[in-house]
Amino acid sequence: MTKVFGYELKRMLTSGLFIAMLAVNAVFAWYVLTTEVIEGIAYTAPFSVWSSCAFIGKTLPLAVITVLLLQAGYYGKQQKRVEIITSAAPMTYAQTMMIRTSVLGICFLVICLVDSLLGAVFFAAFFGYYGFGAFILPALLEIIPCFVFTVGIGHLAGRLHCSLIYALLPAVFIAGFIGASGAFDLFGGGFFSAYPLTLPIGADGEPGFVLNSAWLIARFIYLAAGAIILIANSAFHPKIKRA
Amino acid sequence: MRFFSLYRVELRRLLLTRFIWLISALSLCSPLLGYTVYKPVTAGAMSGLYIGNPVLAGTAAGAVLWAVIAIVEGNRQRRSGTDILAEAIAPPVAHSAAKAAALVTISSIVTALCSLVYLPYTAIKLDYLFNAGYYFAHFLVLMLPTWWISILFAESIYRITRRVELSALIYAALAYMSFSRFTRNKYLLQWLNPILGSYSDGFPDIWFLRMGAYSRLMWLCAAAGLWAFSLMCQRRYQKGLFGSFAKSLKKVYLPISAAFLIASGTVLWNVQPFIGHGGEEFILENEYLYMTSGVTSVNHFIKFNPAFGTLSGRAEYNVTTPVKGESVFRLNAGYNVKSITYDGEPMDFRTVREDVNGQYDTYFELPEKDNKKLIIEYGGFPTVAQCMMPSVKASIGENYIYLSHTDIAPLLKNYGLAYGTVGLEVTMPDDLTPFIYFEPLTEFDENGDGTRTYKTRLDIDYIYNFVAGNYVMDQFSSSENINFNFIYGDIYSSVVDEYNVRQSICEVYDYCTRHYGRSPFTAEGVFKLFQRSSIDQGGFAVSGASTWPEDTITPNTLSDPNRGANAVEIFIHEMIHQWWGGVGMWCDDSDGLWSAEGLTVYSTYRLIKEKYGELYANQYYVDDWKRCVDEQDRNFYNRHPEYLEKLPESYQELIRVSNSDINYYKRMPLMILKAEELVGGEEKMDEILSKMYSDYNNVAEQYPVSYKTFLDYCGLTEEDLELD
């Protein structure tokens with residue numbers, strides 16, 4: 001299983017699509033940093049936790065789109081042709097799903113890491129700011145539920161029909177770039193841009209960083225829903241159609 | 001025949017590859033960059049923002065994408081090792097031509113699709129300003145040929161180098177050259193990003209499209225020449241570059257066509273008629289003084305040919321006594337002097353082709369015969385001086401003609417009209433209305449061929465300015481007995497009606513006259529308000545007439561929340577500038593806070609308050625000012641200016657611009673409102689502004705009213721007006 005995981009991971013990380021999309025993600029992240037974050041989100045410092053969370057939230061939709069594109073490969077015609085051979089491997093369907101989800105998770109993390117690295121370079125180079133520790137926990141709270149939920153939905157859609165994954169792309173695009181700013185904002189870009197404006201201003205002229213309980217509950221709901229869909233997907237083995 | 005069968009095969013093969021679909025899809029998306037990150041046309045005209053920018057972005061980005069596929073496709077057979085086999089089956093020249101033709105065909109289809117995809121959005125955004133012909137011409141003239149040029153260049157480079165990374169590097173260097181400082185003022189060298197300068201919606205001018213078409217033709221010749229040359233470099237018989245080249249020379253048509261095409265491109269570069277070949281700096285020539293003696297009458301006969309953008313003219317002067325020695329006159333550098341006759345006798349002349357501010361001097365000598373007629377015949381395509389670019393100051397088009405000084409008639413150095421009038425006969429399209437100094441030419445003869453010949457005698461010594469366009473002339477009076485002659489582009493007729501612009505003009509003039517005093521320009525007779533094209537930048541006001549910028553009533557301006565709550569109020573704002581700033585009282589805006597905008601916004605608020613009541617005025621003006629000022633105060637960089645200095649200059653500039661907008665449009669009006677409370681109310685403030693206006697409205701631009709002067713008039717200090 002480890003060998004298969006290693007092979008799958010290598011195959012995915014070295015695929016042209018991933019490398020190209022990683023580059024696109026990096027360019028987009030830099031664009032967000034230099035056009036939006038640089039102004040300071042919700043009148044806070046560009047290197048505040050609010051700005052950092054908004055930055056992650058604004059880059060997440062493209063990262064999710066990348067993962068969905070990679071995921072579509074698992075349900076494409078080519079994959080179905082080789083499925084008869086790969087299914088002969090001594091692995092259960094649940095193990096296969098776990099490997100695929102883990103590989104997608106690592107790809108997603110690599111993208112987020114590259115984006116975050118760019119963010120760190122930006123904060124350090126532009127503002128001489130190095131206190132990145134405070135950014136980690138809120139960022140993980142944004143990233144993990146978002147990944148689990150969208151990959152779960154992606155697996156479900158792909159299992160029903162391959163093209164349904166592609167149908168998810170515009171939905172992600174709309175939700176990510178034009179979407180709501182409330183607690184149920186899946187990515188967080190809208191929420192972290194709007195919520196600080198409702199908070200009282202502190203002595204330093206900025207609202208202190210606090211996480212809204214409604215937002216935390218929404219993250220838990222996304223995480224739980226995604227996990228349930230993933231488990232349900234892994235539990236029921238689909239029939240292999242011979243080409 | 002072989003070519004066509006190969007072409008069909010190549011086209012089909014290309015259409016079956018996923019990469020071509022990806023490139024086509026990305027090319028279709030590339031104009032989106034023009035709405036967001038790449039905006040070379042920055043002027044306010046809507047057609048520039050919604051046609052010029054997207055087409056230019058799509059042109060440049062798409063060209064790079066098509067170059068990528070040209071290089072990849074060029075390398076495909078070599079990579080798969082089938083190139084030797086393919087060469088054995090198909091003649092290399094025909095095969096290469098078929099491959100290029102297939103790519104060119106697909107890129108043409110994508111251009112057509114691109115123009116259709118963005119059509120609805122552009123038509124909706126431009127609304128009543130949308131002109132389908134103008135829109136499609138951008139794609140046809142700029143995008144399509146540039147993509148072809150890029151394909152030909154990329155294919156040629158790959159065929160010569162046979163290395164993908166080297167080809168990409170050379171192409172990138174060429175692309176960089178097109179965007180670099182090196183080509184910034186050499187507009188025809190911008191092969192990837194053709195320049196588009198000033199735009200106008202109401203008076204669409206095709207000067208830049210003409211230049212774009214010309215430069216595309218020039219580069220197409222060069223690219224096709226290089227492509228033909230690269231065919232000679234195609235490796236054959238397992239030989240290297242030079243061996244293959246020597247073998248290919250036997251096909252005589254290849255070097256001949258390559259040389260012909262490259263020579264054509266070079267000739268087109270040398271004879272380009274658009275931009276003068278002079279320096280980039282304007283040369284001030286005090287010694288070239290205009291004489292006002294020696295001529296008893298002047299008559300000009302001018303005929304326009306808008307289809308070609310040319311003019312042919314004849315200037316007749318009754319010379320009393322010829323000057324001894326050489327005489328000289330100056331004309332636009334694009335014109336040729338056809339003949340000079342004196343008393344019916346042809347004169348020798350010489351033109352010195354030294355471009356000074358886009359003009360050439362022509363020298364001639366007259367015989368000693370008194371009271372004879374001097375006739376100068378000239379014509380051509382008016383050149384724009386290099387030092388004036390990218391602002392076009394001489395253009396003859398189907399929809400708009402704008403010429404000045406030596407673009408219209410010769411400027412004689414040694415002769416001038418001491419007294420009397422200048423006769424003018426202009427033959428031009430019958431749908432355009434000609435104006436000389438805001439004065440329409442009204443007497444004309446129909447020629448029956450879609451043209452009219454306007455005849456007039458003008459009480460001026462020289463024709464400094466000629467404008468013709470699709471204008472409407474409206475006459476009306478305000479309750480303060482100010483008579484208006486409102487002249488505007490007929491495309492704006494519906495806006496003028498819809499937003500009741502005439503009433504707004506009357507209200508503004510009446511209000512401002514009552515509160516601040518009579519504008520010197522409305523002192524007597526009819527006051528002319530002349531809408532000038534945004535191509536003709538830098539408007540002006542003279543006694544009895546004032547220009548107002550075209551974009552005052554474009555959808556973009558009428559939706560700018562900085563200027564007012566709605567379109568009518570924005571128009572009111574622009575009209576109030578007749579009192580504050582521009583042609584009214586000049587304000588010293590060097591401190592980044594005090595400016596004519598603050599006074600204008602405040603006056604607009606007062607007028608609106610009088611018109612719609614306090615509740616409305618507070619909601620849409622005072623509350624909005626307070627909100628924006630509060631946001632500005634909360635802004636991180638305003639709280640911590642030390643961080644602003646750490647940002648790159650371009651970002652600092654963005655934040656400064658944002659701050660100055662708030663300062664001018666929101667903070668200053670709020671401060672004037674505070675001053676109004678401190679001085680004792682609205683009436684007292686009106687008295688102060690009225691006095692200030694009467695003291696300063698005739699003062700020259702060099703002595704603008706400063707913030708300190710305003711405070712002195714109010715009897716207040718800077719601290720008094722600080723906002724909490």
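Only one of the listed residues (A:Phe132, A:Phe173, A:Phe209) is hydrophobic (A, V, I, L, M, F, W, C), out of contact with any helix residue (DSSP H, G or I) (no Cβ under 6 Å at 6 or more places or on another chain) and more than 25 Å from A:Glu83 (Cβ to Cβ). That residue is A:Phe173.
Taking the conditions exactly as written (more than 30 Å from A:Tyr74 (Cβ to Cβ) and either surrounded by fewer than 16 Cβ atoms within 10 Å (Cβ to Cβ) or at pLDDT below 90 (or both)), does A:Tyr166 satisfy them or not? Here the answer is no, as A:Tyr166 does not meet what is asked.
Once the stretch A:169-187 is narrowed to residues that are free of Cβ contacts under 8 Å to residues at least 12 places away in the same chain and not in a loop (DSSP other than H, G, I, E, B), the residue that is farthest from the other protein chains (Cβ to nearest Cβ) is A:Ala171. Which one is farthest from the other protein chains (Cβ to nearest Cβ) among residues in the stretch B:637-662 that are open to solvent by less than 50 Å² (accessible area, probe 1.4 Å) and in contact (Cβ under 8 Å) with a residue 12 or more places away in the chain? Restricting to residues being open to solvent by less than 50 Å² (accessible area, probe 1.4 Å) and in contact (Cβ under 8 Å) with a residue 12 or more places away in the chain, the top hit is B:Ser660. Of all residues in the stretch B:369-387, which are in contact with a Ser or Thr (Cβ under 6 Å, 6 or more places away or on another chain) and open to solvent by less than 10 Å² (accessible area, probe 1.4 Å)? B:Gly379, the sole residue that qualifies.
Report, by residue number, each residue of the stretch A:91-123 that is more than 27 Å from A:Ala183 (Cα to Cα), away from chain B (no Cβ under 14 Å) and surrounded by 13 or more Cβ atoms within 10 Å (Cβ to Cβ). Those that are more than 27 Å from A:Ala183 (Cα to Cα), away from chain B (no Cβ under 14 Å) and surrounded by 13 or more Cβ atoms within 10 Å (Cβ to Cβ): A:Met91, A:Tyr93, A:Ala94, A:Gln95, A:Thr96, A:Met97, A:Met98, A:Ile99, A:Arg100, A:Ser102, A:Val103. Filtering the stretch B:8-34 to residues that are away from chain A (no Cβ under 14 Å) and open to solvent by less than 50 Å² (accessible area, probe 1.4 Å) leaves B:Glu10, B:Leu11, B:Leu14, B:Thr17, B:Ile20, B:Ser24, B:Ser27, B:Leu28, B:Ser30, B:Pro31, B:Gly34.
Being within 26 Å of the chain's Cα centre (by Cα), in a helix (DSSP H, G or I) and buried (at least 18 other Cβ atoms within 10 Å of the Cβ) is a description that applies to B:Val141. Pick from the stretch A:3-27 the residues that are open to solvent by less than 50 Å² (accessible area, probe 1.4 Å) and within 21 Å of A:Phe122 (Cβ to Cβ): which of them is nearest to the other protein chains (Cβ to nearest Cβ)? Residue satisfying both the conditions and the ranking: A:Met21. Residues that are in a loop (DSSP other than H, G, I, E, B) and in contact with a Ser or Thr (Cβ under 8 Å, 6 or more places away or on another chain) were ranked within the stretch B:470-514; the one that is least open to solvent (accessible area, probe 1.4 Å) is B:Ile482. Assessment of the stretch B:79-102 against the conditions (under 38 Å from the mean Cα position of the chain (by Cα) and buried (at least 18 other Cβ atoms within 10 Å of the Cβ)) yields at least one matching residue. For B:Val679, the conditions (1) in contact (Cβ under 8 Å) with a residue 24 or more places away in the chain; (2) open to solvent by 60 Å² or more (accessible area, probe 1.4 Å) all hold with the exception of (2).
Check whether at least one residue in the stretch A:93-103 is over 21 Å from A:Leu223 (Cβ atoms) and of a type in the set (S, T, N, Q), and report yes or no. Checked against the condition, which is being over 21 Å from A:Leu223 (Cβ atoms) and of a type in the set (S, T, N, Q), the stretch A:93-103 yields at least one hit. Looking at A:Ala63, is it open to solvent by less than 40 Å² (accessible area, probe 1.4 Å), part of a helix (DSSP H, G or I), under 24 Å from A:Pro138 (Cβ atoms) and touching a Cys at 6+ places or on another chain (Cβ under 7 Å)? The answer is yes for A:Ala63. Out of B:Arg159, B:Arg163, one residue alone is among the basic types (Lys, Arg) and surrounded by fewer than 18 Cβ atoms within 10 Å (Cβ to Cβ). It is B:Arg163. Within the stretch B:170-189, the set of residues being outside any helix (DSSP H, G or I) and open to solvent by less than 20 Å² (accessible area, probe 1.4 Å) comprises B:Ser180 only. Within the stretch A:188-206, does at least one residue satisfy the condition of being more than 14 Å from chain B (Cβ to nearest Cβ), part of a loop (DSSP other than H, G, I, E, B) and surrounded by 18 or more Cβ atoms within 10 Å (Cβ to Cβ)? Scanning the stretch A:188-206, I find at least one residue that is more than 14 Å from chain B (Cβ to nearest Cβ), part of a loop (DSSP other than H, G, I, E, B) and surrounded by 18 or more Cβ atoms within 10 Å (Cβ to Cβ), so the answer is yes. Exactly one residue out of B:Lys324, B:Lys338 is under 25 Å from B:Arg452 (Cα atoms), open to solvent by 10 Å² or more (accessible area, probe 1.4 Å) and of a type in the set (Lys, Arg): that is B:Lys338. Considering the conditions (1) within 15 Å of B:Leu231 (Cβ to Cβ); (2) open to solvent by 10 Å² or more (accessible area, probe 1.4 Å), B:Ala123 is excluded by exactly one of them, (1). Suppose the filter is more than 14 Å from every other protein chain (Cβ to nearest Cβ), among the aromatic types (Phe, Trp, Tyr), in a helix (DSSP H, G or I) and in contact with a Cys (Cβ under 9 Å, 6 or more places away or on another chain); does B:Tyr665 pass it? The answer is yes for B:Tyr665.
Of the residues making up the stretch A:75-90, at least one is free of Cβ contacts under 8 Å to residues at least 60 places away in the same chain, within 14 Å of chain B (Cβ to nearest Cβ), open to solvent by 40 Å² or more (accessible area, probe 1.4 Å) and in a helix (DSSP H, G or I). The set of residues in the stretch A:28-58 being without any contact (Cβ under 8 Å) to a residue 40 or more places away in the chain, open to solvent by 10 Å² or more (accessible area, probe 1.4 Å) and more than 11 Å from chain B (Cβ to nearest Cβ) consists of A:Phe28, A:Glu36.
Yes or no, residue by residue, for (1) among the β-branched types (Val, Ile, Thr); (2) modelled with pLDDT of 75 or more; (3) touching a strand residue (DSSP E or B) at 6+ places or on another chain (Cβ under 8 Å); (4) within 17 Å of B:Phe476 (Cα to Cα):
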| position | (1), (2), (3), (4) |
| --- | --- |
| B:Tyr499 | no, yes, no, yes |
| B:Gln503 | no, yes, no, yes |
| B:Cys506 | no, yes, yes, yes |
| B:Gln531 | no, yes, yes, yes |
| B:Pro549 | no, no, yes, no |
| B:Ile576 | yes, yes, no, no |
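Looking only at residues of the stretch A:124-139 that are away from chain B (no Cβ under 11 Å) and part of a helix (DSSP H, G or I), we find that the one that is farthest from A:Gly208 (Cα to Cα) is A:Ala124.
Being more than 23 Å from B:Phe136 (Cα to Cα) and open to solvent by 20 Å² or more (accessible area, probe 1.4 Å) is a description that does not apply to B:Thr105.
Is the stretch B:103-125 home to any residue that is part of a helix (DSSP H, G or I), basic (Lys, Arg) and within 36 Å of the chain's Cα centre (by Cα)? Yes: one or more hits. Within the stretch B:92-123, can you find the residues that are at pLDDT below 90 and of a type outside the set (Gly, Ala, Ser)? Selection gives B:Pro92, B:Val93, B:His95.
The values are calculated or read from the model by the stated rules, or taken from the named source; none is laboratory data. These numbers come from a predicted model, not from an experiment. Please note: Cβ atoms are built from the backbone with ideal geometry, for glycine as well, and neighbour counts cover all protein chains shown. Heads up: the accessible areas ignore ligands, DNA and RNA and are worked out on the full protein's heavy atoms, side chains in. Shrake-Rupley method; radii C 1.70, N 1.55, O 1.52, S 1.80 Å.
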